[in-house]
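**Q** Quick one: structure below, then a few questions.
Throughout, read-outs are computed from the coordinates displayed, never taken from laboratory work. Because the structure is predicted, anything quoted here is derived from the model rather than measured. FYI the Cβ positions are ideal-geometry reconstructions off the backbone, even for glycines, and counts take in every protein chain you see.
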Amino acid sequence: MAQVGESAKPVVKGQFRDVLSHMRRSGTDTGVKVASTMNEFTQRMARTYIDTQIAGLEAAKEMSTRWAEVTSGFLAGLSEALRQDDKRS
């Protein structure tokens with residue numbers, strides 16, 4: 001495009017330079033906008049990933065706590081049943 005602008009007549013040459021300059025700026029503006037959008041997208045994905053990990057860890061902790069309570073209750077019941085059998089014998 002730059003070569004076409006240079007080979008044009010003087011009247012068209014100035015206008016073509018203006019158009020070419022505008023295209024370059026628009027391209028740069030578009031690149032900046034795309035970069036900004038991608039940066040925001042990356043940050044949101046990172047936050048979502050971290051939030052998901054935290055939620056998963058909290059769920060695992062809660063499940064672990066409840067499993068320990070169930071196991072404790074089961075073992076306490078088993079122990080009590082064994083003691084009762086010992087008293088009967």
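**Q** I'd like the Karplus ³J(HN,Hα) series for region 81-87: coefficients 6.51, -1.76, 1.60, θ = phi - 60°, whole numbers in Hz, and an x wherever there's a Gly or Pro.
**A** Whole-Hz 3J(HN,Hα) from phi for region 81-87: 5, 5, 5, 5, 5, 5, 5.
**Q** Please give the net charge around Ala76, taking every other residue with its beta carbon less than 11 angstrom from that of Ala76, where Lys and Arg add +1 and Asp and Glu add -1.
**A** -1
**Q** With r as the distance between the Cβ atoms of Ala60 and Glu80 and R0 = 25 Å, compute the FRET efficiency 1/(1 + (r/R0)^6) and round to 0.05.
**A** About 0.25, to the nearest 0.05.
**Q** Determine, from the Cβ-Cβ distance of Ser72 and Thr42 and an R0 of 35 Å, the FRET efficiency 1/(1 + (r/R0)^6), rounded to the nearest 0.05.
**A** 0.20
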